[in-house]
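The values are calculated or read from the model by the stated rules, or taken from the named source; none is laboratory data. All values derive from a computational prediction rather than experimental measurement. FYI the Cβ positions are ideal-geometry reconstructions off the backbone, even for glycines, and counts take in every protein chain you see. Remember, those area values only see protein heavy atoms, side chains included, never the ligands or the DNA or RNA. Shrake-Rupley method; radii C 1.70, N 1.55, O 1.52, S 1.80 Å.
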Amino acid sequence: PGAPHEFYLWRDGERVLAYAATFDDAPPSLVVVDLSDPAAPVEVGRWSAAQEGLTGRLHSLSVSEDGSRAYLALWNGGFAVLEVDLPRLEVVRDEAGRVDPADVPNVHSAVPLADERYVLLAVELYDCPFGWLVATDIAQPSRPQVVASFRLPENRCGNLPPGAIFSVHNPLVVQDLVFASWYAAGVQVVDFSD
């Protein structure tokens, strides 16, 4: 149902799963399809932000190496962590049943860093101060905390070329380095080891 906007391909040696974000207000926000037999794909899970009481549309996501968690980039709803036990998909809540997504605007991407305690967010904003990179600590996954950020000098908004957009877009994490496409600023490489 719906058209996928972005997807994440996860493999564990036995299964190949596609996690497709619909980037739509109507449910579902996420559909998980088992592609282990490419000639016979099978839906194995679906999830909706609205049905979990979350705001925002699921723009993109990534999945932990062991497949037990998904990291949700909820465009205008911040960042949250999803517990994956297919077919069950549920946002991680605290003991009282609450979830407090990281309050970050226009979350385009959510990608775990080398130490999976931290998840990198790409904030996509087209007007100054433009989008930037944010590192969140998910030691308490029901309540991710912003712990670091990286911005370009252009985020100060002075003397910029007319029409230039200096927002981050797509990050790729390779060990402690983040390679990020950055619209008018090309590709930036940022060290997130500390």
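Yes or no, residue by residue, for (1) open to solvent by 20 Å² or more (accessible area, probe 1.4 Å); (2) within 23 Å of Pro171 (Cβ to Cβ); (3) touching a strand residue (DSSP E or B) at 6+ places or on another chain (Cβ under 8 Å):
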| site | (1), (2), (3) |
| --- | --- |
| Gly56 | yes, yes, yes |
| Ser64 | no, yes, yes |
| Gly67 | no, yes, yes |
| Ala70 | no, yes, yes |
| Asn76 | yes, yes, no |
| Arg88 | yes, no, yes |
| Asp94 | yes, no, no |
| Val99 | yes, no, yes |
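So for the stretch 6-14 (the condition being among the aliphatic types (A, V, I, L, M), within 19 Å of Tyr71 (Cβ to Cβ) and part of a loop (DSSP other than H, G, I, E, B)), does at least one residue qualify? Scanning the stretch 6-14 turns up no residue that is among the aliphatic types (A, V, I, L, M), within 19 Å of Tyr71 (Cβ to Cβ) and part of a loop (DSSP other than H, G, I, E, B). Within the stretch 155-167, the presence of a residue that is of a type in the set (Val, Ile, Thr) and either closer than 19 Å to Leu61 by Cβ or part of a strand (DSSP E or B) (or both) is excluded. If the condition is being touching a Ser or Thr at 6+ places or on another chain (Cβ under 8 Å) and assigned to a strand (DSSP E or B), then the stretch 121-141 contributes Leu121, Ala122, Val123, Leu133, Val134, Ala135. The number of residues in the stretch 132-149 being in contact (Cβ under 8 Å) with a residue 24 or more places away in the chain and either touching a Gly at 6+ places or on another chain (Cβ under 9 Å) or open to solvent by less than 60 Å² (accessible area, probe 1.4 Å) (or both) comes to 10. Of all residues in the stretch 77-92, those satisfying the criterion of being within 18 Å of the chain's Cα centre (by Cα) and assigned to a loop (DSSP other than H, G, I, E, B) are Gly77, Val92.
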